[in-house]
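In what follows, a single structure is set out as structure tokens and then discussed.
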Amino acid sequence: MTFSCQLPTVFSLAFVLVLLSAPPAALADPPAPAEKLQIISHHPLTMTVNTRQPVILPVKAPRVYVQDPSILTVTAESPQQLMVIARQAGTTQLFIWESANAVRTLEITVLAHSQILQNVLSQHFPELAVEVHDIRGGVTLMGTVASQAVVDQVGALARRHVPLVINKLTVTPAAVIILHTQIIEISSADAESAGLPSLRLAQQDRLTAADHTQITHTAATPLTRESVRVGLVDADNPFHDALARLLETGVARVIAQPVLATVSGTPATYNSGGKYPVVLPQKSGPASLQYEPFGLQLKITPLSSDPAAIQIRVQPEIIEVPTSARMQYEDVAIPAFRTRAADATMRLKSGQTLVLQGMPQGRTRSSQTGLPVLKDIPLVGPAFQATVDQAYNVELLILVRPEIRSTTPARVADKPPF
């Protein structure tokens, strides 16, 4: 004796149950408590409220019984066909007897339209706070969204799963999020030689930044992976005083201080660098010239779904053109671009600043040396002088402090950033 069934999706309106058995069929009450039943099979089934599922039996079943008739009911369409009708949300069991003491069961879960649609909306629009309420034959959508386009998208998705949708979503323009950003270079060696304390984050996590060299238009080859520190600092944290001291002494210098404006879920970008000309040889015809970006590429994506906090994702990428790393193709030297990238996401409370530190870079500075007194004599002094190039490393420090403003994007930079 075998049992086979094809289970539909949650939104299916038909379910065919094939029960390969050969007893007679009839509807009956549950057995007396004294009877001992053998559960020979158990199968789950999911339905939605106000839907029907036919249960087709190849032979007559002696008895069927619904554990909770308020959730669903079963009617006999014929001696070999039952109709399961979902009445309200809940879970119950349908018993189908094959003999006097052998029974197969269907555990049937009936979902409300609101439950199904809420799960679907959470998957497709996780950042939206949409309320779904059941009504007779359908649902009502309640909540606020940022644009009419979102209203239409949510409504169209809902109508694909629920027959009747009353869309009461209202449009409220998204608040402007101001990202006060600082990009700083710090020389830890200079800080130590000057006796200045190095920066320490009280709460920090370590990330791994990808580091690879890429020949133009070829696959990237991984080289190393370096550590990046990321953390949060409050407005009164001593970290700010230590950073200000490093800036005053010249150990740290501000590369850029952009103020970026965006809305929740939309990335804001900042590029500091340029484009490097690359000659690309061709198999036939003259070589072509192409410009590849280099420098710092910064992308910041805020997500504001909680009035008490804001989520910030920071994705810095540094693209360098090492003069020593080149690939020779025929008579053309093609530069190898070194790319390093990090990706950090943290949740900030009001007044907090996200700090990302690491991704060291090499720098070179020149200094004048010479014999005392003699090197300062006019005209002949240069003969007693020498220029010395010194290599040193700097770390990148990125600070991001978000601020939620009104829905009007005017005057977004009317406050000092830090």
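For this structure, a couple of remarks:
- Extension gain, Asn119 back to Ser147 (0.36 nm per residue minus Cα-Cα distance, nm): 7.9 nm
- Carbon plus sulfur fraction of accessible area for segment 62-194, probe 1.4 Å, in percent: 52 percent
- When the surface is traced with a 1.4 Å probe over the full set of protein chains, His240 keeps roughly 50 Å² accessible.
- Heavy-atom accessible surface of Arg338, to the nearest 10 Å², is about 70 Å², with a 1.4 Å probe and all protein chains retained.
- The separation of segment 122-160 from segment 257-297, counted between C-alpha centres, amounts to 39 Å.
- Using θ = phi - 60° and Karplus 6.51 cos²θ - 1.76 cosθ + 1.60, couplings along segment 117-125 (whole Hz; Gly, Pro as x): 5, 4, 5, 5, 5, 5, 6, 8, 10
- Förster-model FRET efficiency, 51 Å R0, Ala309 and Val279, C-beta, rounded to 0.05: 0.55
- With all protein chains in place and ligands, DNA and RNA left out, the 1.4 Å accessible area ranks Arg159, Arg401 as Arg159, Arg401, largest first.
- Couplings 3J(HN,Hα) of segment 49-56, computed from phi: 4, 6, 10, 10, 10, x, 10, 9 Hz, in residue order, whole Hz [Karplus 6.51 cos²θ - 1.76 cosθ + 1.60, θ = phi - 60°; x for Gly and Pro].
- Placing unit charges on the Cβ atoms only, positive for Lys and Arg and negative for Asp and Glu, gives segment 50-132 a dipole magnitude near 380 debye about its Cα centre.
- 3J(HN,Hα) from dihedral phi, segment 99-113, Karplus parametrisation 6.51/-1.76/1.60, rounded to Hz, x for glycine, proline: 7, 5, 9, 10, 9, 9, 10, 10, 8, 9, 9, 9, 9, 6, 4
- Net charge contributed by nearby residues that have their C-beta within less than 13 Å of Pro79 (K/R +1, D/E -1): +1
- Accessible-area ranking of Lys168, Lys299, Lys275, largest first, probe 1.4 Å: Lys275, Lys168, Lys299
- Solvent exposure of segment 37-161, expressed per residue, is 47 Å² of accessible area, with all protein chains present and a 1.4 angstrom probe.
- Solvent exposure of Val279, expressed as accessible area, is near 70 Å², computed with a probe of 1.4 Å over the protein chains only.
- Positive minus negative residues near Lys275 (Lys, Arg vs Asp, Glu; Cβ under 14 Å): -2
- Placed amide H near Thr91: partners under 5 Å, 5+ positions off or other chain: Val110
The values are calculated or read from the model by the stated rules, or taken from the named source; none is laboratory data. Since we're looking at a predicted model, the values are computed, not measured. Neighbour counts run over all protein chains shown; Cβ positions are idealised from the backbone, glycine included. Side chains included, ligands, DNA and RNA excluded: accessible areas come from the protein's heavy atoms. Shrake-Rupley method; radii C 1.70, N 1.55, O 1.52, S 1.80 Å.
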